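Let me begin by presenting the structure, written as structure tokens, before commenting on it.
Here, each number is a calculation from the coordinates, and none is a lab measurement. Since the model is a prediction, treat every value here as computed from it, not as a measurement. Here the Cβ positions follow ideal geometry from the backbone for every residue, glycine too, while neighbour counts run over all protein chains shown.
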Amino acid sequence: LRILVLHGPNLNMLGTREPGHYGNQTLAEITNNMHTLAESLDIEIENFQSNHEGALVDRIQQAVSEDVDGIVINPAAYTHTSIALRDALLATALPFIEVHLSNIHQRESFRHHSMLADAAAGVIAGFGATSYLLALRGLNDLLRIQHI
Ligand code: DQA
């Protein structure tokens, strides 16, 4: 399987950014742990982080021509605002898992709504860096066992 892992704005700051919400792991450490899990699941993953909505849209569109089987995405603040990311994900028709480090439902009310969640195959939030690993395991199961 090939899985594209996308990270939205400010996630390049993980490690130092609001550790009370997002923990101490850097994006590089999270990515390393994902690679280790991916190897054990026989998955190929590719990571992409951008602070720019359009760059994320471009990367999602590109996935179609790359034989990608599914997407794990932490859209960060664009979760709550981006019709463009929603449309791009729907256009690929690929299954995707929405991931958050923090439990967005425990936080400010403007974080409670996601523009993407109802279109996602699954949503994982609140497990810190482990959220990404759970998402990868979940997507692997959906693709291989439930044949979505
Ligand atoms: C986040 C939650 C979002 O509300 C926030 O804007 C982020 C990170 C999370 O992983 O908990 O940047 O997606």
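As a test of the formula, what do you get for the chain when each DSSP H run with n ≥ 4 contributes -39,500 (n - 2.57) and the sum is divided by the residue count, at 222 nm and rounded to the nearest 500 deg cm²/dmol?
Computed ellipticity for the chain at 222 nm equals -11000 deg cm²/dmol.
If you average 1/r over every pair of different alpha-carbon atoms in region 2-144 and take one over that average, what Kirkwood value in Å do you get?
Kirkwood radius, region 2-144: 14.9 Å.
What net charge do the residues around GLY70 carry, taking every other residue with its C-beta under 15 Å from that of GLY70, with Lys and Arg at +1 and Asp and Glu at -1?
Local net charge: -4.
Please compute P(r) over all alpha-carbon pairs of region 70-141, binned at 5 Å starting from zero, and give each bin as a whole-number percent.
3, 19, 30, 26, 16, 6, 1
Assuming 0.36 nm per residue, please report the length gained on full extension of the stretch GLU44 to ALA28 beyond their Cα-Cα distance.
Once the chain is fully extended between GLU44 and ALA28, it gains 4.1 nm.
Are there any trypsin sites (Lys or Arg not before Pro) in region 67-148 that are in a DSSP loop and have at most 15 other Cβ atoms within 10 Å? List them by number.
ARG107
How much of the DSSP beta bridge set in the chain is antiparallel, as a percent to the nearest 5?
0 percent
Note down the net charge around ARG86, summing +1 for each Lys or Arg and -1 for each Asp or Glu among other residues with Cβ under 13 Å from its Cβ.
-4
Tell me the label-point distance for the pair ASN12, GLN146, using the 7 Å Cα-to-Cβ offset, in nm and rounded to one decimal.
Reported label-point gap for ASN12 and GLN146 is 3.4 nm.
Near GLY122, within a Cβ-to-Cβ distance under 12 Å, what is the net charge of the other residues, with Lys and Arg +1 and Asp and Glu -1?
Taking every other residue near GLY122 into account, the sum is -2.
Under 10 Å, Cα contacts only: if you run a Gaussian network model on the chain, which one of PHE96, PHE48, PHE110 comes out with the highest mean-square fluctuation?
Residue with maximal mean-square fluctuation among PHE96, PHE48, PHE110: PHE110.
How far apart, in nm, are the 7 Å Cα→Cβ label points at GLN62 and ARG137?
Inter-label distance under the simple model: 3.0 nm.
Starting from region 24-111, pick out the GluC sites (Glu not before Pro) whose DSSP state is loop and whose Cβ has at most 14 other Cβ atoms within 10 Å.
GLU108
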